[in-house]
Structure formats: structure tokens, C-alpha cells
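Undergrad: Could you have a look at this structure, given as C-alpha cells, before my questions?
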Amino acid sequence: MNQSDRPVLWQLKRSVFSEKARFALDYKGIAYVTRDLIPGMHGARLRLSGKGKTVPVLQSADGLALSSSAIIAVAERMVPDPPLYPADGAARKSALELERFFDELCGHEVRRLLFSATLGQANQFVTAFLGDSAAVVRGLARAAFPAIRWRMRHQYGVDEAQVAQAQRRVDAAFDRIEELTTASDYLVADQFSVADVSAASLLAPLVMPPQLVGAAFDPDHLPPAVAAVRDRYHQRPGFEWVQEMYRRHRVPAATTSN
């Protein structure tokens, strides 16, 4: 496939939902081109170009897929094998329900915990969420950090009550993983599926497996506030499960960045 014929993934490199889409595309062996957007400006860029309002967005011969779940559905049609949707109807329903569970009660909460851990200091925040951006973008973010911090706290609900709720929901996500993997390595039907992609990728920024694309920090040299968030889960079986899913299934990408 020529590069011009490849699907285009519009993304924020450190977005958990962008990582979920990349995980699925890479697992399928689908070559694609990435378009990295500037955090904070990505919504306006997407709206102006008619691509929705949030990442990830996959632009392909099938049209636009405007969420990570829709992107996985497109990937499944493009390359049915290896499957991410179980063939059995009941198992498929369970896998899709678990995908929704982790999307709705985990991904945004992981982001909120990391915002809470990094908004206290400009360099930590810039490293965590703008580390791959151009130097001029990082410099502007540091200069404007007081305004950015105010906006992030209000836009994403980074306050004491909502951070506590985020912890409870992430705790519940690990509980669910550990409950479902007592007799199997996988969440549904003893096979790797969309449920495992969702759970592993959305928790990956806390676990920080070495295969994670665009990891913000070296887990051996974490800022204290980030280390405290990670340490809450470090001894849990679900933490090791995320690492194992990445070891087994997070294959190298065949992408081109622009």
C-alpha cells in the first residue's frame, strides 16, 4: 500500500484513547499515517476540518471513524484476522460491554488522576502532556501555565471530590480485571479481544509498560506526586496483567508520522 493510500490517524500522542486505537491498528498489522495535533488546540483543528471534535479520528476509505471504538470496528472489517471481536455471540456481547465499561469508567478517570498529579508544577505538566510537542509550544505552555492550570482544573473536573471519585473508579477497573482473570489470562472467552485492548491501553499511563507509545515518564524516575498515583496500584494483580497484555500483544507500529 502506498503511503498516500494509508488510513490517517488524527491523534494526541499521549491520549489514552489514541493509544487504544493505535494498539488495535498495530495488532491488526494495519499500516497508517499519524497526524499529531497540539493539545488544547486539537478540538478547534478537528472541527474546522470537519473531523468531529475530539481524538482519535481515523480517516480511511470507509470515511471517518470518530472514536476509538469506531476505529476498532473499522480495523476489524479491514483485517478480520486476528479477530478482536469473539465469534460467539454471547462472548462478543460481553467483550463490547466491557469495552464500554472501561471507556466510560476508566479512561477519563486515569487522565484526571494524572492531571491532579502534574498540575502542581509547570515542568511536570509540560513533560506529561506536551513532551513530544515543539520547543516553542512547550515554552508557551510554561509561560501560560497559571491560566492553563485554571482551565484544566475547571474543564476536566480536577478537584478533591472528583479526584477521589476517579480513584474509586480506577480501583473498580482493577477489581473487574482481577475478577475476570482468575481462571483465564483474558477478560472474555479465553482469547485476546477488544475488551483486553480497552482495559490495558486505558490503564497503561498508570502502569507505564515499556511498550507504551509516547510514555511521559521513566517509571524508575518519577516525580513524587506521579509515583504516589502509580504506587497505589503497583502491587495489584491487575497491574501485572496490563504489563503482560503489552508484552504479549503490543506489536511495533508500521506508521508514518507527519
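The values are calculated or read from the model by the stated rules, or taken from the named source; none is laboratory data. No experiment lies behind these values; they were computed from the predicted model shown. Glycine also receives a Cβ, built like all others from the backbone with ideal geometry; neighbour counts cover every protein chain displayed.
Undergrad: Residue under question is Ala95, and the condition is that it be of a type in the set (A, V, I, L, M), in the same structural domain as Tyr233 (by TED's automatic domain parsing) and either buried (at least 20 other Cβ atoms within 10 Å of the Cβ) or in contact (Cβ under 8 Å) with a residue 40 or more places away in the chain (or both); does it hold?
TA: yes
Undergrad: Looking only at region 3-19, decide whether some residue is touching a residue at least 60 places away in the same chain (Cβ under 8 Å), surrounded by 21 or more Cβ atoms within 10 Å (Cβ to Cβ), assigned to a strand (DSSP E or B) and of a type outside the set (D, E, K, R).
TA: yes
Undergrad: Which one is surrounded by the most Cβ atoms within 10 Å (Cβ to Cβ) among residues in region 142-188 that are in contact (Cβ under 8 Å) with a residue 12 or more places away in the chain and aromatic (Phe, Trp, Tyr)?
TA: Phe174
Undergrad: To continue, here is another question. Search region 189-205 for residues being among the hydrophobic types (A, V, I, L, M, F, W, C) and surrounded by fewer than 24 Cβ atoms within 10 Å (Cβ to Cβ), and hand back the single one that is farthest from Ala228 (Cα to Cα).
TA: Our first condition is that a residue be among the hydrophobic types (A, V, I, L, M, F, W, C); within region 189-205, this holds for 189, 192, 194-195, 197, 199-200, 202-204.
With the extra rule that they be surrounded by fewer than 24 Cβ atoms within 10 Å (Cβ to Cβ), the set shrinks to 189, 192.
Working: Ala189: 34, Phe192: 31 Å.
Result: Ala189.
Undergrad: Evaluate the following for Gly43: is it surrounded by fewer than 18 Cβ atoms within 10 Å (Cβ to Cβ), at pLDDT below 90, outside any helix (DSSP H, G or I) and not assigned by TED's automatic domain parsing to the domain that holds Phe192?
TA: When the stated conditions are applied, Gly43 does not pass them.
Undergrad: Continuing with this model, one more query. Of everything in region 152-187, what is over 21 Å from Val226 (Cα atoms), of a type in the set (D, E, K, R) and outside any loop (DSSP other than H, G, I, E, B)? Give them in sequence order.
TA: Scanning region 152-187 gives Asp175, Arg176, Glu178, Glu179.
Undergrad: So, of the residues in region 102-151 that are of a type in the set (S, T, N, Q) and assigned to a loop (DSSP other than H, G, I, E, B), which turns out to be nearest to Ala199 (Cα to Cα)?
TA: Applying the filter and picking the extreme gives Ser133.
Undergrad: Same structure, new question: Can you say whether Val242 is surrounded by 15 or more Cβ atoms within 10 Å (Cβ to Cβ) and assigned to a helix (DSSP H, G or I), as far as the supplied structure shows?
TA: yes
Undergrad: For region 210-249, what are the residues that are under 18 Å from Ala24 (Cβ atoms), touching a residue at least 40 places away in the same chain (Cβ under 8 Å) and either among the β-branched types (Val, Ile, Thr) or touching a Lys or Arg at 6+ places or on another chain (Cβ under 9 Å) (or both)?
TA: If the condition is that a residue be under 18 Å from Ala24 (Cβ atoms), touching a residue at least 40 places away in the same chain (Cβ under 8 Å) and either among the β-branched types (Val, Ile, Thr) or touching a Lys or Arg at 6+ places or on another chain (Cβ under 9 Å) (or both), then Leu212, Val213, Gly214, Val242 are the ones that fit.
Undergrad: Another question about this same structure. So, Leu12, is that one of a type outside the set (Ser, Thr, Tyr) and in contact with a His (Cβ under 7 Å, 6 or more places away or on another chain) or not?
TA: The answer is yes for Leu12.
Undergrad: Only one of Val163, Val158, Val137 is touching a Pro at 6+ places or on another chain (Cβ under 9 Å), among the β-branched types (Val, Ile, Thr) and over 25 Å from Ala24 (Cβ atoms). Can you tell me which?
TA: Details: Val163 fails: touching a Pro at 6+ places or on another chain (Cβ under 9 Å); Val158 fails: touching a Pro at 6+ places or on another chain (Cβ under 9 Å).
Answer to the check: Val137.
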